[in-house]
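Reviewing the structure listed below.
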Amino acid sequence: MTMAAGEPLLDHVDVWIFDLDNTLYHARHSLFDQVDVRIGRFIEGLLGVDADAARRVQKEYFRAHGTTLRGLMDRHGIDPIAFLDFVHDIDYGAIPPSATLAAALDGLPGRKLIFTNGTVEHAQRVTERLGVGHHFDGVFDIVDSGYVPKPRPEPYRAMCERHGVAPRRAAMFEDIARNLAPAHAMGMSTVWIRTDSAWGREGSDGAHVHHATDDLAVWLDALVARRRAVAVRSR
């Protein structure tokens, strides 16, 4: 989906905040599917259950606690670092470089941040594969949030405080629509990245979703092009 002709230019925005998995890269690359499998295997080993039982635990904890990690911490007292190291032991070669995303990020004035329920190390590996790591001014990860996941409001406030973000001058991009609700409540502009995930779609018809696209790189490229065209016409 490209940007509609009448869509706002977001010219008030000077901080661009991006989720990581299935947002900066397209969900079709299935990187997070690898993480998902590793989460199941961790639960199998921890609880001594089979794959089907582990899957049920995984999804129950995800829905109830925001992340499976938070559920495992609350209910089983696991070491979060051991979990994160295990689930991110994956093949990052599944992600191809994105020249379109790199050019679009280069054309956006202001700071770019990553706000993820993953880790800094995971974000660095992903952005290195995409060829966009140098465009980001910082990463606020699940460790920074004290393992309190999105969409709890606390990490949004902590991220803004850590990086000096004025919410009304920020835009947030996410593949899970409900994770945009706290950003909207703080005054941010929001963009939902559509995927095939039913969980990601929940709440996507709410007022907290300002814009939506199937492809972040294409949407940003269109935004940059329109902003440049407006600037040329105003000379």
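The values are calculated or read from the model by the stated rules, or taken from the named source; none is laboratory data. Note that this is a predicted model, so its numbers are computed, not measured. With ideal geometry, Cβ positions are generated from the backbone for all residues, glycine too; neighbour counts draw on all protein chains shown. Quick note on the areas: whole protein, heavy atoms, side chains included, nothing else; ligands and nucleic acids left out. Shrake-Rupley method; radii C 1.70, N 1.55, O 1.52, S 1.80 Å.
Observations, loosely collected:
- Among the conditions (1) under 20 Å from Leu24 (Cα atoms); (2) surrounded by 15 or more Cβ atoms within 10 Å (Cβ to Cβ), the only one that Tyr147 does not satisfy is (1).
- Test: Ile114 is open to solvent by less than 30 Å² (accessible area, probe 1.4 Å), part of a loop (DSSP other than H, G, I, E, B) and modelled with pLDDT of 95 or more: no
- Leading residue by the ranking (most open to solvent (accessible area, probe 1.4 Å)) among those in the stretch 179-235 that are touching a His at 6+ places or on another chain (Cβ under 7 Å) and in contact (Cβ under 8 Å) with a residue 24 or more places away in the chain: His184
- First in the stretch 58-76 and over 12 Å from Phe42 (Cβ atoms), second anywhere and among the polar types (S, T, N, Q) and open to solvent by 40 Å² or more (accessible area, probe 1.4 Å), Cβ under 8 Å, 6 or more apart: Gly66/Asn117; Thr67/Asn117
- Qualifying residue in the stretch 122-142 (condition: aliphatic (A, V, I, L, M), modelled with pLDDT of 95 or more and either on the phi > 0 side of the Ramachandran plot or surrounded by fewer than 19 Cβ atoms within 10 Å (Cβ to Cβ) (or both)): no
- Scanning the stretch 60-78 for residues that are of a type outside the set (A, V, I, L, M, F, W, C), surrounded by fewer than 16 Cβ atoms within 10 Å (Cβ to Cβ) and in a helix (DSSP H, G or I) turns up Glu60, Arg63, Asp74, Arg75, His76.
- Breaking point among (1) open to solvent by 50 Å² or more (accessible area, probe 1.4 Å); (2) over 30 Å from Arg226 (Cα atoms); (3) of a type in the set (D, E, K, R), for Arg38: (1)
- The criterion of being within 30 Å of Ala225 (Cα to Cα), out of contact with any helix residue (DSSP H, G or I) (no Cβ under 9 Å at 6 or more places or on another chain) and open to solvent by 40 Å² or more (accessible area, probe 1.4 Å) does not hold for Arg56.
- For the stretch 79-108, the set of residues classified as surrounded by 16 or more Cβ atoms within 10 Å (Cβ to Cβ) and part of a loop (DSSP other than H, G, I, E, B) consists of His88, Ile90, Ile95, Ser98, Leu108, listed by residue number.
- Residues located in the stretch 169-218, provided they are modelled with pLDDT under 95 and of a type in the set (Phe, Trp, Tyr): Trp199
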